[in-house]
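Before any comments, here is the structure.
The values are calculated or read from the model by the stated rules, or taken from the named source; none is laboratory data. All figures in this text were calculated on a predicted structure; none of them were measured in a lab. In this analysis, Cβ positions are derived from the backbone assuming ideal geometry, glycine residues included, and neighbour counts consider all displayed protein chains. What goes into the accessible areas is simple: the full protein's heavy atoms, side chains included, and nothing from ligands, DNA or RNA. Shrake-Rupley method; radii C 1.70, N 1.55, O 1.52, S 1.80 Å.
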Amino acid sequence: MHKITVHLFGNGPGPTIATFGLRKTADGGKEKYGKATRDFVDRNFYVDDGLTQSETNKLVRNAQATLASANLKLHKVVSNSVDVMEALSAKDRAKSVSDLDLCHDVLPTQCSLGVQWDIKKDNFTFRVSLPATPFTQRGVLSAINSIQPIYSLHLQ
């Protein structure tokens, strides 16, 4: 009998398996790294993307250590907190911000889970591309049903 040691992503259950693995690992690290770290991974990750408004340096470092215990690397991190970003090595930051002077350079828009995040303004925006459809009842309904919400969201 062969033991499965890796999972190939791209298939249907992939996102569920990734979420389960992250949560199971965080739950196992609760004793060593604390309930706050487990809750951070459990409540702020969608598949393998973690989204949170602002967290402490210690919590992010604990999440990295917890996930590393299962050979999972928390990297490509971006935050609107300069303190959090400076606490991370450049190789653990998202490529778009890894070489920036976080206090002086213009921060780029970050794309995560199909949502555009203006890091400096802390706004989420959605881009809409309307499909070219004929002006018929079916075409109009197709265009309407393909539109995602158009708005900016500012988190307080």
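Solvent-accessible surface of segment 9-108, averaged per residue with a 1.4 angstrom probe and all protein chains in place: 61 square angstrom.
What ratio of Cα Rg to 2.2 N^0.38 Å holds for segment 62-114? Mind dumping the intermediate values first?
Numbers: Rg = 11.9 Å, N = 53, 2.2 N^0.38 = 9.9 Å.
It is 1.19.
For L102, what charge total do you get from the other residues with a beta carbon under 12 Å from its beta carbon, if Lys and Arg give +1 and Asp and Glu give -1? Surrounding charge for L102 is -3. Against the criterion of solvent-accessible heavy-atom surface with a 1.4 angstrom probe, F20, F124 sort, most first, into F20, F124.
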